[in-house]
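Below: one structure, written as structure tokens.
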Amino acid sequence: PFNATLPAVTGITWLESSGNSFFSSMQASFEKRFSRSFYFLGNWTWSHGLDNVGGDGGANGPVPQDPRNRRADWASSNSDVRHRVNLATSYQLPFGKGRRFGSNGGPADFILGGWELGGLAVLQGGLPFTVTVPGSPSNTGAGSRANPVPGVDPIPANQSINLWFNPAAFTTPAAFTWGTLGRNTLRAPALYNLDFSAAKKFLFTETRQLEFRTEFFNGLNHPQFGLPASTAGVGGAGSITSTQRSNRQIQFALRLAF
């Protein structure tokens, strides 16, 4: 009879394209050019992104917590921002040639004329995140979401960056089980940012001009906090130690047009 020794086979991986996503939004905007060189633009966006490919099961990439239950991963996308408001404005100072004051030229025109001020404000809701637990309680090698503790509020009474959520509100699932907490059930801090600029044009001739510009990014130097440490049962869980954007940055530029 035929007798052959089969080689050992390990590390078999199954890959499939079974991810789904859905996005809906509503926008409203307002734009107005006022008299005396004042301009304003504002828009608001409400949106909701849903998917089942967030990868919050603890593995790298869009791996579900339980491959046999993809519906358990259907939740707000990792990049879901429910509300976002953008406000932009610009204003040309009323000094210098062709303006209300100092139109005859001279020192007033040279110092105050040709200036334009601008600003851009962004206000948006916080990003969602998921509370997980260390290790692999399911014994599958994949990570797991936590189990919520009944009756314990996950949001502290005095919420701060040192304790954005209450780790005691979550517990590790029993051995050989998956966590029952949904994906992306909590939200990180909202984002508020203001950029502004100032620019001046020096006119030498009709075809030659020099433009000076300075721009302030995160002009108020307000910290834009990132996601909290979200692994329950690990030191530092619930605290925020990172930011989404850098501190105030200032840049200067000169542009010669001829």
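The values are calculated or read from the model by the stated rules, or taken from the named source; none is laboratory data. Just so it is clear, the model here is predicted, and its values are computed rather than measured. All Cβ positions, glycine included, derive from the backbone under ideal geometry; neighbour counts span all protein chains shown. When the accessible area is computed, the model is the full protein with side chains, heavy atoms only, and any ligands, DNA or RNA have been set aside. Shrake-Rupley method; radii C 1.70, N 1.55, O 1.52, S 1.80 Å.
Data table
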item: When residues of the range 214-230 are limited to those that are in a strand (DSSP E or B) and open to solvent by less than 50 Å² (accessible area, probe 1.4 Å), the one farthest from Phe129 (Cα to Cα); result: Thr214
item: Some residue of the range 117-124 being assigned to a loop (DSSP other than H, G, I, E, B) and under 37 Å from the mean Cα position of the chain (by Cα); result: no
item: Single unsatisfied condition, Ser136 versus (1) of a type in the set (Ser, Thr, Tyr); (2) at pLDDT 90 or above; (3) open to solvent by less than 60 Å² (accessible area, probe 1.4 Å); result: (2)
item: Tabulated pairs, the range 65-76, first hydrophobic (A, V, I, L, M, F, W, C), second exposed (fewer than 15 other Cβ atoms within 10 Å of the Cβ), C-beta under 8 angstrom, 6+ apart or interchain; result: Trp74/Asn20
item: Residues of the range 207-257 satisfying the condition of being closer than 30 Å to Pro156 by Cα, touching a residue at least 40 places away in the same chain (Cβ under 8 Å) and of a type in the set (A, V, I, L, M); result: Leu227, Ala232, Val234, Ala237, Ile240
item: Within the range 139-160, tally of residues that are open to solvent by less than 50 Å² (accessible area, probe 1.4 Å) and either more than 20 Å from Val234 (Cβ to Cβ) or of a type in the set (A, V, I, L, M, F, W, C) (or both); result: 3
item: Pairs, first closer than 13 Å to Asp73 by Cα in the range 13-24, second open to solvent by 100 Å² or more (accessible area, probe 1.4 Å), C-beta under 8 Å, six or more apart; result: Asn20/Trp74
item: Top-ranked residue in the range 192-213 [being among the polar types (S, T, N, Q) and in a strand (DSSP E or B); ranked as surrounded by the fewest Cβ atoms within 10 Å (Cβ to Cβ)]; result: Gln209
